[in-house]
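Note sheet for the following structure.
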Amino acid sequence: MLAIVQVRRAGRDDIAAAVQTITEAFQEDPMWGWAFPDAQQRPAQYRRWWAIYVASATRYDWIWLADDADAVAVWIPPGGVELTDKDEAAVEPLLRELLGPWTDTVLEGLHGFDTAHPRDEPHYYLSLLGTRNDRRGNGIGMALLRECLAVIDAEGRPAYLESTNPANNRRYEGAGFVDIGTFAMPDAGPVVTRMWRPARR
């Protein structure tokens, strides 16, 4: 049975709730847990880390919420970039404050995302998708994804994401994404799967 959710675009007043949802959703994520290895400090670190990405993306009006931010999808539209120049400049200082000497390894891993990102065809980029802990397992996140993809399909655009948790790959494949290759984090870190969904007209 497909979950039924109320979907709307987020505004600046929704940033805190969206960040909290993403913080909860990525607490046990293999890749981001590798980047922020102290599980006790991770929630506080995440709130500061993900706030940069969520706030920066509001300029595109492509952050979508299901219900009361029970699930959040952060998209970057075709031609857009994930962070403003100002936010990009804040990344390394924040990581050094949060992670100390581990920062250089994490920055190397983050560079892998940029290197692996497809550039041949304009597309929507799913930067973040997460569901609040107490609503997980009810299909809300995938219902939100389907709603977003319906809007993207109406524009005849492709979509791209990086799956940082292999447990989610099958769900993304069910939404029409296909595996187009992987890249690994440094220092024997986890593998990230690149996934592409062709345009549907």
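The values are calculated or read from the model by the stated rules, or taken from the named source; none is laboratory data. Every value quoted in this text rests on a predicted model; they were computed, and no experiment measured them. We place every Cβ from the backbone using ideal geometry, glycine too, and count neighbours over all the protein chains shown.
Exactly one residue among E97, E155, E92 is under 17 Å from W50 (Cβ atoms) and free of Cβ contacts under 8 Å to residues at least 12 places away in the same chain, and that residue is E97.
R132 meets the conditions (1) over 15 Å from the mean Cα position of the chain (by Cα); (2) of a type in the set (K, R); (3) crowded, with 20+ Cβ neighbours inside 10 Å in every case but one. The failed one is (1). When each of G112, G141 is tested for being more than 25 Å from W64 (Cα to Cα), under 16 Å from the mean Cα position of the chain (by Cα) and surrounded by 13 or more Cβ atoms within 10 Å (Cβ to Cβ), the lone residue that passes is G112. Restricting attention to region 1-47, the residues being surrounded by 14 or more Cβ atoms within 10 Å (Cβ to Cβ), in a helix (DSSP H, G or I) and touching a residue at least 40 places away in the same chain (Cβ under 8 Å) number 15. Kindly evaluate T164 against the criterion of being among the β-branched types (V, I, T) and touching a helix residue (DSSP H, G or I) at 6+ places or on another chain (Cβ under 6 Å). When the stated conditions are applied, T164 passes them.
Is it the case that some residue within region 81-94 is closer than 19 Å to L144 by Cβ and assigned to a helix (DSSP H, G or I)? No, there is no match, as no residue in region 81-94 is closer than 19 Å to L144 by Cβ and assigned to a helix (DSSP H, G or I).
If you filter region 179-201 down to residues that are out of contact with any helix residue (DSSP H, G or I) (no Cβ under 9 Å at 6 or more places or on another chain) and at pLDDT 95 or above, you find that the one that is surrounded by the most Cβ atoms within 10 Å (Cβ to Cβ) is W196.
When region 115-126 is limited to residues that are surrounded by fewer than 19 Cβ atoms within 10 Å (Cβ to Cβ) and touching a residue at least 12 places away in the same chain (Cβ under 8 Å), the one that is farthest from the chain's Cα centre (by Cα) turns out to be E121.
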